[in-house]
Each structure stands twice: as structure tokens, then as C-alpha cells.
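What follows draws every value from the coordinates through simple rules; no lab data is involved. Since this is a predicted model, take the numbers as computed values, not measurements. Ideal geometry is used to build each Cβ from the backbone, glycine not excepted, and the neighbour counts take in all protein chains shown.
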Amino acid sequence: MTILPSILHDQITALLDAGDRLFEKGNDTAALAKYREAEALLPTERERFEASTMVVAAIGDTLFQLAQYPLVIDTLLPALGYPDGEDNPFIHLRLGQSLLETGEEARALAHLAQAFEYGGLDVYEDEDDKYLDFLKARIDF
């Protein structure tokens, strides 16, 4: 993993923070715009930088809130190859949820199970019960 130059890291962090504030106020579209600004600052070789994981997770989460499930999948699948992406329960959760919403149950199950493996029940705490129910119906707890 490579560290971004501090000026670039600071700019990305500021944009993420601004996006988070908008997201918390329910302004998902404006939050997504801030997250996309941060994404534009990422170097080409995203898989080398931890900041890439944070930015792409924020984008994926916002797209999920906007019910843009195919875009969530397209956004988060590459993030599995970013620093700490493969064992990130939140990335697996959003992937699994989005795959389930698009009818890809087998792939959804794999990611929802990974979310549980890495994050336990806590990762499902504030989520619609249908996702945990789907998982419980298919694996032993």
C-alpha cells in the first residue's frame, strides 16, 4: 500500500467529509457529487491507495441509497482489490444487497456471508431485515 501525498490526501479527506455531511442530511445527490470529486483526485493506480477504498465505499453506499444497484456492483467489485477491500464487511454487505436486488441470489449470498464473516451481526444492525433473513435461510448461524 502506498500513501498519497499529504496535499492530495487532505483534499480527498475534505471532499469526503463534505460528502458525509450532505449524506447525513439526506442530500444523497449532492453527497455523491462530492464523492465523485474526491474520486477524480485519485491516482490511476487506485489499488495501491487506502484512500481509494474509502472513496469508492462512500460512492457505493450513496448509490445504494439511490437504489442504483447495478452501479453499486460496478463501483464496489473493483474495490475488493483495493487496500483492506477484500475483508471490508461494509463493501461485501453493499455488494450482496445490490446483487440480491438485481436477482443474482448466488453471488448475493456469497457477499452477504462474507459481510457476516468479517463484521458479524453488527454489520446488519441498521439494515432492512430482508438481507439478514435471506442469509439466515441459507446458512447456519
Partners for K25 among lysines (Cα-Cα distance below 22 Å; same-chain residues under 8 apart left out): K34
For the pair R21/T102, report the inter-label distance in nm, with labels modelled 7 Å from Cα in the Cβ direction. 3.4
With unit charges on the beta carbon (Lys/Arg positive, Asp/Glu negative), name the residue among F134, V72, P83 whose Cα is farthest towards the positive pole of the charge dipole of the chain. V72
In the stretch 1-73, what GluC sites (Glu not before Pro) fall in a loop by DSSP, with at most 10 other Cβ atoms inside 10 Å? E45
Any idea what angle helix 6-24 forms with the longest principal axis of the chain, computed on alpha-carbon atoms, 0 to 90 degrees, nearest 10? 50
Once exposed loop trypsin sites (Lys or Arg not before Pro) are cut out (DSSP; at most 15 other Cβ, 10 Å), longest piece of the chain: 26-137
For labels at L8 and Q65 in the simple 7 Å Cα→Cβ model, what's the distance in nm? 2.7
